[in-house]
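The block underneath contains the structure these notes are about, expressed in structure tokens.
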Amino acid sequence: MSQEIAVIGSPEFTTGFRLAGVRKFENVPQDDKDESLDDAVESVLGDEDVGIAVMHDEDLDHLSRKVRESVETSVEPTFVTIGGGAAGGSGLRDQIKRAIGIDLMADEEGESENE
């Protein structure tokens with residue numbers, strides 16, 4: 001069974017993904033994020049058809065502690081945050097490592113695959 005990608009965020013954020021063919025999305029206007037983002041994320045967490053969920057890195061700040069912990073520890077769906085600037089590279093590395101269990105970007109100079 002193939003799983004889908006879901007995008008959560010402002011309409012401006014989700015539009016590009018929708019144009020690229022992503023069919024599952026949760027639009028949360030910027031002004032409503034403090035009140036509505038938790039519900040949108042919980043909806044995606046409960047959707048068995050979603051394998052990867054994409055959010056903007058800054059939106060994590062709008063989540064309650066409980067929902068943020070769910071996002072950070074979720075394996076299926078795996079949450080990928082983008083837009084974090086220079087720090088985003090290591091964040092993505094950690095997300096991939098958590099999702100598949102190995103560090104694909106480990107160099108040959110002694111970095112362990114299971115750090």
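No lab work stands behind these numbers, since they all come straight from the coordinates. These figures come from a predicted structure and were not determined experimentally. Virtual Cβ from ideal backbone geometry, glycine too; neighbours counted across all protein chains shown.
Quick notes
- Once both labels are positioned 7 Å from their Cα atoms along Cα-to-Cβ, the gap between Asp61 and Asp39 label points is 2.4 nm.
- Label-to-label distance, nm, for residues given as Ile82 and Gln30 (7 Å Cα→Cβ offset): 1.9 nm
- Proportion of all alpha-carbon pairs of the range 4-83 beyond 21 Å (%): 16 percent
- Relative contact order [Cα under 8 Å, 6+ residues apart], the range 4-83, whole percent: 33 percent
- Gain on full stretching of the segment that runs from Glu4 to Ile102 - 0.36 nm per residue minus C-alpha separation: 33.0 nm
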